[in-house]
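I have placed the structure first, in the form of structure tokens, so that the comments after it can refer back to it.
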Amino acid sequence: MSTPAPEVLDGQRSADLRRAARALLAEPLLLARGARADEFRLVRRHASDLRDWFERNTGWALRVDAEAARLHKTPGLFTDATHPARDVTRTAQPFTRRRYVLLCLALAALERGESQIALGRLAEHVVLDASDPQLIAAGVEFSLERRDERLDLAAVVRLLLHLGVLRKVAGDEDAYVSGAGDALYDVERRVLTGLLATRRGPSLVRATAHEERLAELTEESALDSDELRFRAIRQHLTRRLLDDPVLYYDELTDAQLAYLTRQRAFIVARINELTGLVPEIRAEGIAMVDPHDDLTDVRMPEQGTHGHLTLLIAEHLAAAGRPVRTDELHRRVRELAVEHGGFWSKTARQPGAEPELVDRALTTLEALGLVLRTDDTVHSRPALARYAVGETLVLDAGARSTTRKAKKQ
């Protein structure tokens, strides 16, 4: 028997709504043009339902117009520095403090500027703004005469091009870096004005300390009733489950843990219905696992030398069952290079490469909520146990072979 038309339409609508929600979670700024134009149109078609869901369950505002869709995401934890902005080139280098400052200065200059700007002219505005006494007192100073400073500004511009704030008209960033040319851009003002995701304008913030300024920027209205307090807790928990690899119970306040204990089934069901993420519930916490593996900026396992080494270090840490010093991991990598070097890149096998290899692996594990680093010591977190390797088991005398199996995500 054929499926009734209304059921087919409802199923298609639910599937499209899920695709739209996943698109926003993967890329909170979608443009009407470019590689993700189809996803933008899908979000625009379902904007009303998406806006209601995110506002009610996360407190994130969704703004959609003819040019862009912007989900104003704010993190559940402002202390998590494991997911930085990155260079959009293949190196994917994380932004340094200087690049973040340049990004803010460039956005301020573009906000005041005209509809078109040259890279050289943008550099002049940045240098002028960097002469502010408060910035100088904070150790911020740019002349953009050195090549490394121009490389940083070029990285900022490439990020703004990727976000759609700028659209290239002519020229090339590399020519500007080498001093042999310039580049010209259109400024997409509607995308620019929607970029900032705060509840209060920065000019209204009076605090000076970094943590206090973040708190003021994202401060919610006074929670003067149980209903508002419960809503704030639900939104915080949903943000954590959507954004963080693992939500550990020991990171929650007593009130948050009590609410999650009562409402866990409801919260995870709402997330699963919209996004397709599947809850993995353990004694220590909850992870919303993505069967399609495309809603993360950090993957594990991953191909290549670094992906292989990260898995091996994860196995070592999980088997240790105790805090491990980084110098012990350096020695372990030297041993692994002898055992697996034939499959690794040449640079990874060179003596002295161990510190960089270990740091890169630990950065991945930390971003996935699997380890914590304190000084020169690495502490395993409960979710790391999923990468432990079990001992060989002999099932019966007639078994042809036994193998060790690694648990995988």
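Since every read-out is calculated from the coordinates, none of them should be taken as a lab result. Owing to the predicted nature of the structure, the values given are computational and were not obtained by experimental measurement. A quick note on method: Cβ atoms are made from the backbone with ideal geometry, for glycine too, and the neighbour counts reach across all protein chains shown.
Results, tabulated for the structure shown:
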quantity	calculated
DSSP-loop trypsin sites (Lys or Arg not before Pro) across the stretch 96-134, with at most 12 other Cβ within 10 angstrom	none
Global form of the chain, assessed from the alpha-carbon gyration tensor, a/c cut-off 1.5	oblate
Mean ellipticity per residue at 222 nm, deg cm²/dmol - from DSSP H runs of n ≥ 4 across the chain, formula -39500 (n - 2.57)	-15500 deg cm²/dmol
Among 284-296, 19-31, the order from most to least packed when residues are scored by Cβ within 10 Å on average	19-31, 284-296
GluC sites (Glu not before Pro) within the stretch 112-212: DSSP coil, no more than 10 neighbouring Cβ in 10 Å	Glu114, Glu145
FRET efficiency for Asp293 and Arg98, using Cβ-Cβ distance with R0 set to 51 Å, rounded to 0.05	0.95
Protection proxy ranking of 58-64, 251-257, 88-94, 240-246 - average other beta-carbon atoms within 10 Å, highest first	240-246, 58-64, 251-257, 88-94
Spin-label proximity, Leu196 to the stretch 205-241 - amide N less than 19 Å from point 7 Å beyond Cα toward beta carbon	205-221
Phi to ³J(HN,Hα) by Karplus 6.51 cos²θ - 1.76 cosθ + 1.60 over the stretch 338-343, Hz, x for Gly, Pro	5, 7, 10, x, x, 9
Total formal charge among the other residues, if their Cβ is under 14 angstrom from that of Gly181, Lys/Arg +1 and Asp/Glu -1	-1
Table column - 3J(HN,Hα) (Hz), the stretch 55-63, Karplus curve with 6.51, -1.76, 1.60, x for Gly and Pro	5, 6, 9, 10, x, 8, 8, 10, 10
Neighbour-count order for Ile136, Ile271, fewest beta carbons within 10 angstrom listed first	Ile136, Ile271
Total charge dipole magnitude, the chain, about the Cα centre, Cβ charges on Lys, Arg, Asp, Glu only, Debye to nearest 20	800
Vicinal HN-Hα couplings computed from phi for the stretch 181-198 (Karplus, 6.51 cos²θ - 1.76 cosθ + 1.60; Hz; Gly/Pro x)	x, 9, 9, 10, 9, 7, 9, 7, 5, 5, 5, 4, 5, x, 6, 6, 10, 9
Relative packing of peptides 45-51, 79-85 - highest average C-beta neighbours within 10 Å first	45-51, 79-85
